[in-house]
Amino acid sequence: MARRISWWASVLGLMLLAGCSTFDAAEEEPVTVEYLALGDSYTIGESVEVAERWPMQLAERLRTAGYAVEEPLIVAETGWTTEELDEGIGQANVEPAYNLVSLLIGVNNQYRGQPIDAYRTTFRALLQRAIGFAQGDASRVFVVSIPDYGNTPFGADDAERIGRELDAFNAVNLDEAQRVDVAYVNITAISRQSRADWVAADELHPSAAQYAAWVDAIKPVVLDLLEAR
């Protein structure tokens, strides 16, 4: 009889432990994501509403996936080059306290005809700053390629040259990202798709619908970064 009671006590104990484990898992709080987005007009979302900017759409998708995402901090302005983004970061007094950082910059370097070697130098420095804002962890950072504005009414007359030059700039930012093991998302091919509703009213920048397609490509990469931690 004593052995039988002991056996049932053991079974009951295991059931209670299993119940506690299930409760703990159910009560586990979602991972909090503090997101910093660095860039230019594409990141600030020129010609779209605030909620339609791709970093904001990404944040909402991550919330739907179960992450507690704080309001993203966007340091970006229309027309910024790499040098101007660097200055803007300094003026914004950004603290190194983020666990997700994105960098998309370079279209205005190309548009102004700046040397690609100079772009490499300044992009490399910005990427190091981005890693610093992610508390020194390169696995918390991702680079987004420059979209091709030659595939818009604004750039249509010089589309071949624009596309060729942007390919060269994107080869640089891909190389620099790979050099420091930072994730890279190529949205340039998406931007080259011809869809009437994918260009904003200014006939230059992406619409909210195109940004949503970017996020379709960006979200799986970001989820991999978050889940790896």
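The values are calculated or read from the model by the stated rules, or taken from the named source; none is laboratory data. Since we're looking at a predicted model, the values are computed, not measured. As a convention, Cβ positions derive from the backbone with ideal geometry for all residues, glycine included, and neighbour counts pool all protein chains shown. When the accessible area is computed, the model is the full protein with side chains, heavy atoms only, and any ligands, DNA or RNA have been set aside. Shrake-Rupley method; radii C 1.70, N 1.55, O 1.52, S 1.80 Å.
The figures follow:
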item	result
Residue pairs meeting the criteria (Cβ under 8 Å; at least 6 apart or on separate chains; first touching a residue at least 40 places away in the same chain (Cβ under 8 Å) and closer than 13 Å to Val182 by Cα, in segment 126-138; second assigned to a helix (DSSP H, G or I) and among the small types (Gly, Ala, Ser))	Leu127/Ala177; Ile131/Ala138
Tally, over segment 179-191, of residues that are open to solvent by 20 Å² or more (accessible area, probe 1.4 Å), of a type in the set (Val, Ile, Thr) and in a loop (DSSP other than H, G, I, E, B)	1
Unique residue being within 16 Å of the chain's Cα centre (by Cα), more than 20 Å from Trp214 (Cα to Cα) and surrounded by fewer than 22 Cβ atoms within 10 Å (Cβ to Cβ) when the list is Ala118, Ala125, Ala92, Ala138	Ala138
Filter result for Ala183 (within 25 Å of Gln128 (Cβ to Cβ) and in contact with a strand residue (DSSP E or B) (Cβ under 6 Å, 6 or more places away or on another chain))	yes
Subset of segment 182-204 (residues that are closer than 19 Å to Val143 by Cα and not hydrophobic (A, V, I, L, M, F, W, C))	Tyr184, Asn186, Thr188, Ser191, Arg192
Sole exception among (1) in contact (Cβ under 8 Å) with a residue 60 or more places away in the chain; (2) surrounded by 14 or more Cβ atoms within 10 Å (Cβ to Cβ) for Ile162, by number	(1)
Hits in segment 55-89 - residues which are touching a residue at least 60 places away in the same chain (Cβ under 8 Å) and within 20 Å of Gln210 (Cβ to Cβ)	Gln57, Leu58, Arg61, Leu62
Tyr42 being at pLDDT 90 or above, within 28 Å of Glu203 (Cα to Cα) and among the aromatic types (Phe, Trp, Tyr)	yes
Filter result (free of Cβ contacts under 8 Å to residues at least 40 places away in the same chain and either among the acidic types (Asp, Glu) or within 17 Å of Leu104 (Cβ to Cβ) (or both)) within segment 181-197	Ala189, Asp197
Single condition Asn99 does not satisfy, out of (1) open to solvent by 50 Å² or more (accessible area, probe 1.4 Å); (2) within 22 Å of Glu227 (Cβ to Cβ); (3) polar (S, T, N, Q)	(1)
Residue match in segment 150-158 (condition: polar (S, T, N, Q) and open to solvent by 10 Å² or more (accessible area, probe 1.4 Å))	yes
